[in-house]
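Notes follow the structure.
Just so it is clear, none of the values below were taken in a lab; they were calculated from the coordinates. If you're wondering where the values come from, they're calculated on a predicted model, not measured in any experiment. Backbone-built Cβ (ideal geometry, glycine too); neighbour counts: all protein chains shown.
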């Protein structure tokens, strides 16, 4: 199991840090993984991160796999409310750590604390780019929201061209091209012809 939290640790320290997080928990298929106030590491299986929109429909934002971390932003600080659901796509094994447990691990292995801070810093930069996208204008926002709503595992493959996409979004082609360029330049999107990968 490869997890960024333990990068730069030798194998012995990595195993010890993981052991300090506690005993793994089994989560059945379709079970909920997210626990507010805890960081989780998916040891095996896969899960989907879902957000419920204003319409009440759950949208799969991304899929997480073995070694990935979730809930990192809900551990420290006063505000611990969660906005996402994480649903097991198969039986999963998860290890959870509370704030106190993490503090103990950080004290013993400062490298883990640096890795945790780096992860959260990357998330902040990503969210800042999303804010830029939404404040760039309604065309960018409309395109981005459409792609998010159509994405499966973060990927959208259109079976039609950009002219049809322009028509469906009710925006001019030049606005569409400018919006695509903006999302690509801000690293929110990668495009290969009619396939779009949301980052």
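For segment 4-122, what log10 I(q)/I(0) values come out of the Debye formula at q = 0.15, 0.20 1/Å, with one point per alpha carbon and no solvent?
Taking Cα atoms of segment 4-122 as identical point scatterers yields -0.68, -1.15.
If we sort 190-197, 59-66 on the protection proxy, mean other Cβ atoms within 10 Å, highest first, what's the order?
Details: 190-197: 13.1, 59-66: 15.1.
With the highest mean Cβ count within 10 Å placed first, the list reads 59-66, 190-197.
Please give the helix 11-20 orientation as an angle from the longest Cα principal axis of the chain, in degrees from 0 to 90, rounded to the nearest 10.
Taking Cα atoms only, the helix is inclined about 90 degrees.
Pick from 154, 40, 172: which is most flexible by mean-square fluctuation in a GNM of the chain where alpha carbon atoms under 10 Å apart are linked?
Looking only at 154, 40, 172, the biggest GNM fluctuation is shown by 172.
Using the 10 angstrom Cβ neighbour count as an exposure proxy, how do 92, 50 rank, fewest first?
Taking fewest neighbouring Cβ atoms as first place, the list is 50, 92.
Highest GNM mean-square fluctuation, the chain, Cα pairs closer than 10 Å: which of 107, 78, 32?
Maximum fluctuation in the GNM of the chain, among the listed residues, is at 78.
Give me the Å³ per residue figure for the convex hull around the C-alpha atoms of the chain. Walk me through the numbers before you get to the answer.
On the way: hull volume 26.9 nm³, N = 199.
In the chain, the Cα hull volume divided by residue count equals 135 Å³.
What angle, in degrees between 0 and 90 and rounded to the nearest 10, separates the Cα long axis of helix 99-108 from the longest principal axis of the Cα atoms of the chain?
Approximately 70 degrees, to the nearest ten.
Could you give the angle, 0 to 90 degrees to the nearest 10, between helix 110-135's Cα long axis and the longest principal axis of the Cα atoms of the chain?
It is inclined by approximately 20 degrees.
Once every DSSP H run of n ≥ 4 in the chain is given -39500 (n - 2.57) and the sum is divided by its residues, what mean residue ellipticity at 222 nm do you get, rounded to the nearest 500 deg cm²/dmol?
On the way: 6 runs with 80 residues, N = 199.
Helix-only estimate at 222 nm: -13000 deg cm²/dmol.
D for segment 136-198, whole µm²/s, Stokes-Einstein with Kirkwood Rh over alpha-carbon pairs at 10 °C and 1.306 mPa s: what number?
On the way: Rh = 11.5 Å.
Stokes-Einstein gives a translational diffusion coefficient of 138 µm²/s.
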